[in-house]
Amino acid sequence: PVGKPRCYLRRRDADGAWNLASDVVEVLPDVPCIAIDLEVDPEGRLYPLVMRDVGIDDRWWLGRVDTWESAATPLHRNSGAPGDSAHALTVRAGKEVVCGTRAVNNPVDKLDAAISVTGQPVRLFDYVTDNDHLFDETLRDCALDGNTLVAVGDVYGWLDGNKFNPKR
């Protein structure tokens, strides 16, 4: 669609130049989307993470491109649920991990930090004080160090000094 953002991969040569039409491939042809992150595994496979327009709302989408020749048809690997946001991607040792947030149904706490590993249920992380859900948590970046996931983000909310007994 005209005037809508598009996601594409652009291959460059060793000098940083690109000239051929075959050096540019759309990740999701005919689907409005915004690029979030890209990872490359040791075998050279590309993992584009994008926010795509699915009509009712936007959802994150993770694909895999095995070779440049197959870039026009990336393999679908994982996608978010309504209200999810993706902020970072890490790929290592056969694991594909998307880090971000998931909307939760709570009158005060609207977001929990979320980790989505391809093939596993989404795992939520919530900063809880004395059983109160008062904070919105967002993961901004993540990386795998062996089998350990390292994540960084922010927590937003009002901290009452009398309730400072964190559970996580």
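Okay, here's what the table says:
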quantity: Unmet criterion (only one of (1) at pLDDT below 85; (2) open to solvent by less than 50 Å² (accessible area, probe 1.4 Å); (3) not in a loop (DSSP other than H, G, I, E, B)) for N162; calculated: (2)
quantity: Given (1) over 19 Å from the mean Cα position of the chain (by Cα); (2) assigned to a strand (DSSP E or B), index of the condition A72 fails; calculated: (2)
quantity: Unique match (being in contact with a His (Cβ under 9 Å, 6 or more places away or on another chain) and not acidic (D, E)) among C33, C99; calculated: C99
quantity: Residue in the stretch 40-50 that is touching a residue at least 12 places away in the same chain (Cβ under 8 Å) and of a type in the set (D, E) present; calculated: yes
quantity: Matching entry among L111, L124, L144 (being open to solvent by less than 40 Å² (accessible area, probe 1.4 Å) and either under 19 Å from L38 (Cβ atoms) or at pLDDT 85 or above (or both)); calculated: L144
quantity: Residue in the stretch 63-76 that is touching a Lys or Arg at 6+ places or on another chain (Cβ under 7 Å), at pLDDT below 95 and under 17 Å from R140 (Cα atoms) present; calculated: no
quantity: Only listed residue being modelled with pLDDT of 85 or more, hydrophobic (A, V, I, L, M, F, W, C) and under 30 Å from V128 (Cα atoms), chosen from A35, A86; calculated: A86
quantity: Selection from the stretch 52-102 of residues that are within 21 Å of D154 (Cβ to Cβ), open to solvent by less than 50 Å² (accessible area, probe 1.4 Å) and either free of Cβ contacts under 8 Å to residues at least 24 places away in the same chain or among the charged types (D, E, K, R) (or both); calculated: D84
quantity: Residue match in the stretch 26-49 (condition: part of a strand (DSSP E or B), open to solvent by 70 Å² or more (accessible area, probe 1.4 Å), under 19 Å from S116 (Cβ atoms) and of a type in the set (V, I, T)); calculated: yes
quantity: Of all residues making up the stretch 127-141, the number that are within 16 Å of D109 (Cα to Cα) and modelled with pLDDT of 85 or more; calculated: 4
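The values are calculated or read from the model by the stated rules, or taken from the named source; none is laboratory data. From a predicted model like this one, the values you see are computed outputs, not experimental measurements. We place every Cβ from the backbone using ideal geometry, glycine too, and count neighbours over all the protein chains shown. Calculation scope for accessible area: heavy atoms of the full protein, side chains included, ligands and nucleic acids excluded. Shrake-Rupley method; radii C 1.70, N 1.55, O 1.52, S 1.80 Å.
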